[in-house]
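S.K.: Quick one: structure below, then a few questions.
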Amino acid sequence: MESCMEPLLITGESLKVDDVVAVANGRRVELSPDVLPQIKRSRRAVETLVNEKRVAYGITTGFGHFKDKIIPPEEVKQLQLNLVRSHAVGVGPALSREAARAMLLVRANTLAKGFSGVRPVVITTMLDILNADIYPRILSQGSLGASGDLAPLAHLGMVLLGEGEVFVDGEAVLAADVFAKHGIQPLELQAKEGLAILNGTTMMVGLGALLVRRGINLLITADIAACLSLEALKGTDRAYDHRVHAVRPHPRQADCAAFLRKLLEGSQFLRDDDPLNVQDPYTLRCVPQVHGAVRDAVAYAQWVIDIELNAVNDNPIIFTEEGSDEFDVISAGNFHGEPIAFAADYMKLALTDLGNMSERRIARLVDADCNQSVLPMFLTEYGGLQSGFMIAQYTAASLASENKSLAHPASADSIPSSANTEDHVSMGAIAVRNLEKVLNHVEHIVSIELMAAAQGIDFRRKRMGRPDAALGAGTSAAYACLREAVPFVDEDVYFAPLMQKVKDLVESAEIKLRVEQTLEGAD
């Protein structure tokens with residue numbers, strides 16, 4: 001939990017991926033008073049539009065196909081209430097507590113920029129819900145990713161109204177009942193406010209930020225797993241030589257190779273020059289080239305999301321000037337989720353291949369015919385009576401195969417909606433939800449590789465007759481962390497709980513952190 005930290009001050013300008021992660025895990029949030037003048041100017045512009053009966057989309061008109069229906073001033077409040085209620089049509093599983101908190105933060109930050117025409121109370125109510133650690137029930141499916149994440153945000157909007165549901169001890173209860181216990185007043189929407197809550201890329205960006213952080217953690221852990229496998233398989237680190245990567249200067253390829261060298265420094269498990277075995281298979285030799293390219297994809301996703309976290313992405317946008325009553329209202333398309341959709345699709349494609357690499361290393365670890373009997377078949381001394389790691393590799397193969405279906409780009413699809421008014425959509429929410437599935441699968445695959453590699457290290461030590469043979473500077477820390485969680489498997493056991501323990505280490509970044517701390521201490 002991050003609740004003991006200083007509150008995060010939101011300004012609409014400086015939110016980063018790791019800020020979203022911190023708030024998702026409990027950090028408190030406050031609205032910067034510096035943004036209030038801009039928010040209030042924008043609100044005055046909305047009130048002027050209503051009072052002067054000017055035509056402005058979603059403020060004095062209907063929505064989507066009903067954009068030409070003029071709404072009289074006395075009905076604009078009902079218009080916003082109807083909008084939220086009618087758009088709360090999500091289905092499927094509810095988002096996690098962390099994802100729901102991320103959405104609240106991201107939407108509040110966007111509205112805090114002061115281009116959306118809401119009253120400050122809309123933003124502060126979102127922050128009150130966050131700080132009370134109220135967990136909104138937001139159904140995850142139903143967004144097309146253009147006109148924003150309408151259905152998920154409508155479920156968030158229903159909670160703000162007190163009409164939606166929140167989770168208490170795992171049970172869905174009426175938000176208004178929980179608000180009363182915390183002294184939170186449900187919102188009564190005014191002109192433009194329902195539209196401002198619903199119109200935006202909030203689900204795909206909030207969830208995407210959490211997945212980027214998990215992706216970064218997974219990348220480093222996959223590097224560690226690859227090095228443990230290299231040591232278990234008596235590989236060579238020659239292919240990681242800095243000169244190799246200097247002449248093909250992709251920066252993240254070079255960064256990956258440099259990290260691998262640090263992980264393996266001092267290892268006594270690597271192969272000396274051998275004229276009969278001059279190079280390793282691709283999944284060992286080409287780790288910097290493949291893992292480096294995956295780093296590129298994750299870095300791109302982080303770049304996109306860091307921009308979008310501080311972007312105005314609703315419609316219409318209200319432009320005001322300090323010290324002036326003049327304003328301009330522009331209907332545009334910043335709610336379109338294509339940038340996030342492309343980034344999520346790119347990242348899940350890259351992570352799919354990260355899983356492919358890991359699964360093939362597992363296959364090599366368990367196959368004595370493939371690894372030249374460096375290790376016993378299926379990592380057990382008693383093959384036949386015992387199956388060892390045979391079926392763990394099946395699971396990795398199954399997940400790697402499933403990822404190949406999920407890697408199909410959601411952004412390649414579009415279905416017209418709103419009577420063809422909204423005739424191209426991004427499917428960004430689908431891209432991000434599938435990214436979450438792929439990421440989870442690859443965490444499992446890498447977990448299995450870590451278990452298999454540690455098992456292989458133990459066999460190598462036995463066969464070397466050197467129980468004290470040194471692993472690399474970084475892999476030694478990873479091995480120690482693994483052995484604290486799971487033992488050497490000397491006979492067939494109930495495997496699933498052991499695999500889950502290692503998966504927890506991977507998802508929590510515990511192995512990554514232990515290795516990084518060890519390497520920093522060595523420096």
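The values are calculated or read from the model by the stated rules, or taken from the named source; none is laboratory data. Keep in mind that this is a model prediction, so the values were computed, not measured. Reconstructed Cβ throughout: ideal geometry from the backbone, glycine too, with neighbour counts over all protein chains shown. Each accessible area value is taken on the protein alone, full model and side chains, heavy atoms only, with ligands, DNA and RNA left out. Shrake-Rupley method; radii C 1.70, N 1.55, O 1.52, S 1.80 Å.
S.K.: Quick check on my link table: of LYS462/LYS512; LYS348/LYS437; LYS437/LYS503, which ones sit more than 18 Å apart, alpha carbon to alpha carbon?
M.R.: LYS462/LYS512
S.K.: May I pose another question? Roughly speaking, what is the stretch gain from SER405 to SER14, that is 0.36 nm per residue apart minus the C-alpha to C-alpha distance, in nm to one decimal?
M.R.: The SER405-SER14 span can extend by a further 137.1 nm.
S.K.: If you don't mind, there's one more thing I want to ask. Once fully extended, how much extra length lies between GLU6 and GLU163, figured as 0.36 nm per residue of separation less the alpha-carbon to alpha-carbon distance?
M.R.: The span from GLU6 to GLU163 would gain 53.4 nm if fully extended.
S.K.: About its Cα centre, how strong a charge dipole does the stretch 63-131 have in debye, to the nearest 20, once Lys and Arg get +1 and Asp and Glu get -1 at the Cβ?
M.R.: Using Cβ point charges on Lys, Arg, Asp and Glu, the stretch 63-131 gives about 120 debye.
S.K.: Pick the calculated Cα extents along the principal axes in Å for this structure from (1) 87, 50, 45; (2) 80, 49, 44; (3) 78, 57, 50?
M.R.: (1)
S.K.: Magnitude of the Cβ-charge dipole of the stretch 267-375, K/R +1 and D/E -1, about the Cα centre, nearest 20 debye?
M.R.: The calculation lands at about 960 debye.
S.K.: I've got another one for you. For the stretch 12-164, how many pairs of lysine residues have a Cα-Cα distance under 24 Å, where the two are 8 or more positions apart or belong to different chains?
M.R.: For the stretch 12-164, the number of qualifying lysine pairs is 10.
S.K.: On the full set of protein chains, 1.4 Å probe, figure out the accessible area of TYR282 and give it in Å² to the nearest 10.
M.R.: Its accessible surface works out to 150 Å², give or take rounding.
S.K.: Right, next: Considering the dipole of the chain built from charges on the beta carbon (Lys and Arg +1, Asp and Glu -1) around the Cα centre, which of HIS444, LEU49, PRO72 is farthest to its positive end?
M.R.: HIS444
S.K.: Continuing with this model, one more query. Quote the charge dipole size of the stretch 444-496 about the Cα centre in Debye, to the nearest 20; the model charges only the Cβ of Lys and Arg (+1) and of Asp and Glu (-1).
M.R.: Roughly 300 debye for the stretch 444-496.
S.K.: Also, I was wondering about something else. Under the definition of Cα pairs under 8 Å and six or more residues apart, what whole-number percent is the relative contact order of the stretch 285-359?
M.R.: Averaging sequence separation for qualifying contacts and normalising by length gives 37 percent for the stretch 285-359.
S.K.: 7 Å from Cα along Cα→Cβ at both GLU381 and VAL55: what's the point-to-point distance in nm?
M.R.: Distance between the two pseudo-spin positions: 8.5 nm.
S.K.: Go through PHE327, ALA368, VAL118 and say which Cα lies farthest out towards the positive end of the charge dipole of the chain; charges sit on Cβ, +1 for Lys and Arg, -1 for Asp and Glu.
M.R.: ALA368
S.K.: Another question, then. Along the stretch 107-112, what does the Karplus equation 6.51 cos²θ - 1.76 cosθ + 1.60 (θ = phi - 60°) give for ³J(HN,Hα), rounded to whole Hz, x for Gly and Pro?
M.R.: Result, ordered by residue: 5, 4, 5, 4, 5, 5 Hz.
S.K.: What does the charge add up to near LEU207, with Lys and Arg as +1, Asp and Glu as -1, over the other residues with Cβ less than 14 Å from its Cβ?
M.R.: Surrounding charge for LEU207 is +4.
S.K.: Which order do LYS67, LYS503 take when ranked by solvent-accessible area (1.4 Å probe, heavy atoms of all protein chains), largest first?
M.R.: The residues order as LYS67, LYS503, largest area first.
S.K.: Starting from the 7 Å offset along Cα-to-Cβ, what nm value, one decimal, do you get for the label separation of GLN372 and ILE330?
M.R.: For the pair GLN372/ILE330, the computed spacing is 6.4 nm.
S.K.: How much length would be gained if the chain were fully extended between VAL493 and VAL121, taking 0.36 nm per residue of separation minus their Cα-Cα distance, in nm to one decimal?
M.R.: This chain segment gains 128.2 nm when fully extended.
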